[in-house]
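To start, the structure under review is shown below, and the notes come after it.
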Amino acid sequence: MLIAPKVLDWFDIYGRKDLPWQKQLLPYPVWISEIMLQQTQVTTVIPYFKRFIERFPTVRDLAEANLDDVLALWTGLGYYARARNLHKTAMMIMQDWAGVMPTRQSDLMTLPGIGRSTAAAIAAICHGEAVAILDGNVKRVIARHFAVGGWPGQSSTLRALWIHAEAQTPNKRIADYTQAMMDLGATVCTARHPACHACPIRSSCSARKTARIDEYPGKKPKKVKPKKSTAMLIVRTRGGDIRLVQRPAQGIWGGLFSFPECPLDELETKLPSSAVSVIKLPAFKHQFTHFELTIQPVLIDIKRRQDVPKVPNGTWLGSNQHPGFGLSRPAERLIKIVTELPFS
Ligand code: SF4
């Protein structure tokens, strides 16, 4: 039995139709919103989306922008590869597609950062192509409704989910169906406490009928993450200026500004002789998908900028200056902390 008729009836009454990127459903804003919505909730995305579109209203504006400006607008959203890929893709659209985003899913998928589901969402919502989507929300709805066991990160589970997603995709009202499925997962079939009483497909939902909703989708097998540690050297002048360095384009926090780092056991050798005081601030943990990093911040007060040698890719953030570039999450957090601390 196809779920589309019930899902569409539900969407007509309850679906969200006034999100900022739904005004005209044009490819550029839909693309930006789809990328921002990967790993991030709608309520968090909305202000970021508005600022982004105001600053870069067209593909051309994004392509011609400085990557630092793009990353600055992304600060706080995380997963910065998404912002770097947006920028790279905008440049490719200008160069290879005469400034017009491709319309078909298969062409969209050739662009950096646009996977099968994101390409399908853009093609279906903006151009009516009858292709299936399978973002995180839709995976949850399908896994529960059809009782697809296993973790969606496993290829066999993913394949089974795609088969159901494709079989359910209707030929008519594809744009509405695509948005409806994403909405259903985001607002009704939520990860915790799904509102089954308000769900249009509850009567055919296998997980609900067998009272095994919590088992779908299957959890990721637990793996102990490797642990790493580093010291972050926060050099601050009497006037409150803070030294930052831009990280290499590749790797963690690629292209963002952060503090110079060194291994904990080399800390003593890295302290400048001009330091007026050196204070170890409370250490904290930062989680990456593949490892856990313990960060030991070290506040090093100096009298003036000239008291420390220049470092490659270094810059100074003046006191009370708004950074016009992207910051790593720990740098953002530590700047707030040290700004409150008196000079020693
Ligand atoms: S009935 Fe409940 S578990 Fe099943 S799809 Fe609807 S909200 Fe999700």
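Odds and ends about this structure:
- The single condition among (1) surrounded by fewer than 17 Cβ atoms within 10 Å (Cβ to Cβ); (2) closer than 26 Å to I302 by Cβ; (3) among the aliphatic types (A, V, I, L, M) that V235 does not satisfy is (1).
Residue-wise test of (1) among the acidic types (D, E); (2) surrounded by fewer than 12 Cβ atoms within 10 Å (Cβ to Cβ); (3) on the phi > 0 side of the Ramachandran plot.
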| residue | (1), (2), (3) |
| --- | --- |
| V245 | no, no, no |
| G251 | no, yes, yes |
| E261 | yes, no, no |
| E266 | yes, yes, no |
| A275 | no, no, no |
| L281 | no, no, no |
| K285 | no, yes, no |
| H290 | no, yes, no |
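- Residues in segment 165-200 that are of a type in the set (G, A, S) and part of a helix (DSSP H, G or I): A165, A167, A175, A180, G185, A186, A198.
- Selected residue (criterion: surrounded by the most Cβ atoms within 10 Å (Cβ to Cβ)) from residues of segment 198-214 that are among the charged types (D, E, K, R) and within 8 Å of the ligand (Cβ to nearest atom): R208
- Flag for K139 being away from the ligand (no atom under 16 Å from the Cβ), under 29 Å from H290 (Cβ atoms) and modelled with pLDDT of 95 or more: no
- Exactly one residue among P112, P102 is closer than 30 Å to R60 by Cβ and without any contact (Cβ under 8 Å) to a residue 12 or more places away in the chain, and that residue is P102.
Yes or no, residue by residue, for (1) at pLDDT below 95; (2) of a type outside the set (G, A, S):
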| position | (1), (2) |
| --- | --- |
| L2 | yes, yes |
| L25 | yes, yes |
| R55 | no, yes |
| A72 | yes, no |
| T89 | no, yes |
| W97 | no, yes |
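- Residue in segment 148-164 that is surrounded by 20 or more Cβ atoms within 10 Å (Cβ to Cβ), in contact with a Ser or Thr (Cβ under 9 Å, 6 or more places away or on another chain) and not in a loop (DSSP other than H, G, I, E, B) present: no
- Checking the stated criteria, P200 turns out not to satisfy the condition of being at pLDDT below 95 and more than 30 Å from K88 (Cα to Cα).
- Unique match (being under 18 Å from the mean Cα position of the chain (by Cα), buried (at least 18 other Cβ atoms within 10 Å of the Cβ) and in a loop (DSSP other than H, G, I, E, B)) among L77, L71, L86, L62: L77
- Matching residues in segment 165-197 - criterion: being within 13 Å of the ligand (Cβ to nearest atom), over 23 Å from T40 (Cβ atoms) and without any contact (Cβ under 8 Å) to a residue 40 or more places away in the chain: C196, H197
The values are calculated or read from the model by the stated rules, or taken from the named source; none is laboratory data. Model, not experiment: these values are computed from the prediction. Backbone-built Cβ (ideal geometry, glycine too); neighbour counts: all protein chains shown.
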